[in-house]
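Data block below; observations after.
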Ligand code: DAH
């Protein structure tokens, strides 16, 4: 027994890894291991012999098992130490001097818009970019024959031959998120819905994918006056000016009644845009009172509730605010452009800390 003890404790001490340890365990205390076989011989012994050999064998087995456990823990510690040595990080090193990446102007402006509307109690809602034909059009009071469908240059998703289900589209605006928000949260409601939209169009001011932000406020006593105040507050905060004049022009959208397009007073003196002064007007968004049919499509009782909505182009207001001349460059991923027009990722826009700095 002393020989067995010396042999196995020696082997355990030498074991290089967990696999070696397991082999030793099997050959010592496994079902057919040497110690286990010795224990089976107890039956053949005289009672006197057994009284000596039994406890001694059990003690040996215990000793081998605890040596195995201790060695296993030791190996695990050593492995962890080795790993920590290779993964160390010098946190006292200075950061790289040159800025590596920047926030895209679209991300920056989305954050700015979100910060401003959050302050006025609007939550952010999102919807899918691959949208049902119904949410994108019908629910917004744009039936199948409506000219707005053709005007929007819609991308339709491919359908397998014989598939007669209603088609899906790449959403042409963020307005379907109005419907989804009403379906999900009901009234009262106050949300903005920023996100990517798609239209088959390409020139200096149009790209097949661009970004919009939708606004929707539903309550019992909401009017165009509330819309006007909210938009004025937004424009002042966004363009970082003390005062701004808005012009509401009567317009038409299928999903609002009445509808208005909103212009801001500006000047283009010297080729740069100044908001809030001058003799020019710049169109920045579409808006209106939510059409009763749209409320009903969102399962909201239009006898009880009413609301306003607006939609504007994020890329467009980014171009205006930051003087970016060509929309197509937004999506070129040209590093020189991104370094020039990008924003520091650590300057989170807030109303109190400054929007754009
Ligand atoms: N969905 C419109 C578009 O893409 C923009 C719009 C106009 C949204 C008026 C609105 C609205 O919510 O009330 O051209």
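The values are calculated or read from the model by the stated rules, or taken from the named source; none is laboratory data. Remember, it's a predicted structure, so these values are computed and weren't measured experimentally. Backbone-built Cβ (ideal geometry, glycine too); neighbour counts: all protein chains shown.
Would the range 283-296 turn up any residue that is at pLDDT below 95 and in the same structural domain as residue 118 (by TED's automatic domain parsing)?
Yes, the range 283-296 contains at least one residue that is at pLDDT below 95 and in the same structural domain as residue 118 (by TED's automatic domain parsing).
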Item to complete: Could you please let me know if residue 215 is within 14 Å of the ligand (Cβ to nearest atom), under 16 Å from residue 124 (Cβ atoms), buried (at least 20 other Cβ atoms within 10 Å of the Cβ) and at pLDDT 95 or above?
Response: yes
Worksheet item: Of everything in the range 20-39 that's touching a helix residue (DSSP H, G or I) at 6+ places or on another chain (Cβ under 9 Å) and outside any helix (DSSP H, G or I), which residue is surrounded by the most Cβ atoms within 10 Å (Cβ to Cβ)?
Response: 33
Worksheet item: Could you say which residue among 102, 92, 110 is touching a strand residue (DSSP E or B) at 6+ places or on another chain (Cβ under 8 Å) and surrounded by fewer than 19 Cβ atoms within 10 Å (Cβ to Cβ)?
Response: 102
Response to the item:
Exactly one of 275, 290, 294, 262 is more than 10 Å from the ligand (Cβ to nearest atom) and surrounded by 18 or more Cβ atoms within 10 Å (Cβ to Cβ), and that one is 275
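Could you list all residues from the range 190-212 that are part of a loop (DSSP other than H, G, I, E, B) and more than 10 Å from the ligand (Cβ to nearest atom)? Explain how you work it out, then say what you get.
Initially, the range 190-212 is screened for residues part of a loop (DSSP other than H, G, I, E, B), giving 199-202, 204-205, 207-208.
Listed by number, the residues that qualify are 200, 201, 202, 204, 205, 207, 208.
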Discussion item. Exactly one condition in (1) assigned to a loop (DSSP other than H, G, I, E, B); (2) within 15 Å of residue 294 (Cα to Cα) is false for residue 182; which is it?
Written reply: (1)
